[in-house]
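The structure appears below as structure tokens.
The values are calculated or read from the model by the stated rules, or taken from the named source; none is laboratory data. Everything numeric in this text was worked out from a predicted model, so none of it was measured. Cβ placement follows ideal geometry from the backbone for every residue including glycine, while neighbour counts extend to all protein chains displayed. Surface accessibility is based on the protein's heavy atoms, side chains included, excluding ligands, DNA and RNA. Shrake-Rupley method; radii C 1.70, N 1.55, O 1.52, S 1.80 Å.
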Amino acid sequence: MSAVSETHDNHHHDHAGHGYGDNSKLYIHIFRDDLGSKVGMWLFLFTEVLLFGGLFFLYFGYRVADPQAFHDAALNLDVMLGAVNTIVLLTSSLTMVLAIVAIQRDSVKLSLFYLAVTIACALTFLVNKYFEWSAKIHHGIYPGSDHVAEMPQGEISFFGLYYLMTGLHTFHVIVGAIIIAVCMVFIVKKHINKDKYIILENSGLYWHLVDLIWIFLFPLFYLLH
Amino acid sequence: MSNHAELHEEEHHEEHPGYGFYTAIWIGLIALTGLTVAIAGVDMGMYTVPLALLIACIKSMLVLNYFMHVKFDNILVKVFAAGCGVIIALVIIFLGFDVFIGGS
């Protein structure tokens, strides 16, 4: 009757062999390799780290070449906005992980609530970013502007990297928020539930990576002046 | 009897940390963020950058181990995460040779 019995997922090991002891019921085991999907997710995260890593290496090289310019350029950034966004992202990481705890305990509504808060944090981050960038652009600081063209070479590099790295990161925040919204739909439709939440876990991994990258972006761009 | 119950609770805790545990990690992360901002205002010369990066590394270890669950995960996931970090660290070190003693 049951073709394959797989209990790779360590959350379910206590159910292992259930189908064999009791013949009065029909058990249908659906092949599911949670560990496999998690390792696949980590492989993807690895490529993400390499993507951002390459940019961090560029930052490192340019900073060593002209530390004074990086010091001066960083004075233009708003530490308060950066710090607020750090706290917002850390909080969103917390609510993401709490949403997983909630689904493990079958508290569907609580899980949805935490995911909604996570998305709200992502939107707050984006609004802050909007204000931050508009203020910069208003002051004529954007790639290719006349104002930036007159700056020393090191500061041009700094702002180029600033827009590229925080821009790419912000893009990840948008993607992450969409993924979390999809997870909420899956929870409502019960595709994600108490016994099957690997999609939520993997989405969480992605979201934490976005947080992780910001943990390094914040001090390197906003604080080191 | 109560001893046994506590023990069981602890074991259960180790497998799936609860709401309180993660909130404690979050408080730690916020505190470390406050520390980085506070330290940035103090001029410590050549130590400023390494110190800021050290705090960032501690924060990322907290996120990786607890929020991303690596500490409680399968050895395969641990190897993946550690391998990723080692490769990045190696590239940074070799890049360091190049930018610091490579000449022009």
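Quick one: which helices (runs of 4 or more DSSP H) sit completely within the range A:31-118 and have at least 2 residues that are at pLDDT 95 or above and in contact with a Gly (Cβ under 9 Å, 6 or more places away or on another chain)?
In the range A:31-118, A:79-104 are the helices (runs of 4 or more DSSP H) which contain 2 or more residues that are at pLDDT 95 or above and in contact with a Gly (Cβ under 9 Å, 6 or more places away or on another chain).
Against the conditions (1) within 7 Å of another protein chain (Cβ to nearest Cβ); (2) more than 30 Å from residue A:36 (Cα to Cα); (3) open to solvent by 30 Å² or more (accessible area, probe 1.4 Å), where does residue B:74 fall short? Just the number, please.
It is condition (2) that residue B:74 fails.
Does any residue of the range A:168-177 turn out to be polar (S, T, N, Q) and within 14 Å of another protein chain (Cβ to nearest Cβ)?
no
Check residue B:50 against each of (1) at the interface with chain A (Cβ under 10 Å from one of its Cβ atoms); (2) more than 14 Å from the chain's Cα centre (by Cα) and name the one condition it does not meet.
Answer for residue B:50: the failing condition is (1).
Is it the case, given these coordinates, that residue A:106 is out of contact with any helix residue (DSSP H, G or I) (no Cβ under 9 Å at 6 or more places or on another chain), open to solvent by 30 Å² or more (accessible area, probe 1.4 Å) and of a type outside the set (Lys, Arg)?
yes
Just to check your reading of the model, which residue among B:67, B:80 is facing chain A (nearest Cβ under 9 Å) and open to solvent by less than 40 Å² (accessible area, probe 1.4 Å)?
Sole residue among the options that is facing chain A (nearest Cβ under 9 Å) and open to solvent by less than 40 Å² (accessible area, probe 1.4 Å): B:67.
Any idea which of (1) surrounded by 22 or more Cβ atoms within 10 Å (Cβ to Cβ); (2) within 14 Å of another protein chain (Cβ to nearest Cβ) is the one residue A:180 doesn't satisfy?
(2)
Among the residues of the range A:141-155, is any over 18 Å from the mean Cα position of the chain (by Cα), exposed (fewer than 14 other Cβ atoms within 10 Å of the Cβ), of a type in the set (S, T, N, Q) and under 18 Å from residue A:74 (Cβ atoms)?
Yes, the range A:141-155 contains at least one residue that is over 18 Å from the mean Cα position of the chain (by Cα), exposed (fewer than 14 other Cβ atoms within 10 Å of the Cβ), of a type in the set (S, T, N, Q) and under 18 Å from residue A:74 (Cβ atoms).
Condition check: over 18 Å from the mean Cα position of the chain (by Cα), open to solvent by 10 Å² or more (accessible area, probe 1.4 Å) and of a type outside the set (Ser, Thr, Tyr). Does residue A:50 satisfy that?
no
Looking for whichever is modelled with pLDDT under 95 and of a type in the set (A, V, I, L, M, F, W, C) here; the options are A:220, A:209. Which one fits?
Within the list A:220, A:209, the selection yields A:220.
Name every residue in the range A:57-89 that is more than 8 Å from every other protein chain (Cβ to nearest Cβ), touching a residue at least 24 places away in the same chain (Cβ under 8 Å) and of a type in the set (A, V, I, L, M, F, W, C), in order of residue number.
A:58, A:69, A:70, A:73, A:74, A:75, A:77, A:81, A:84, A:88, A:89
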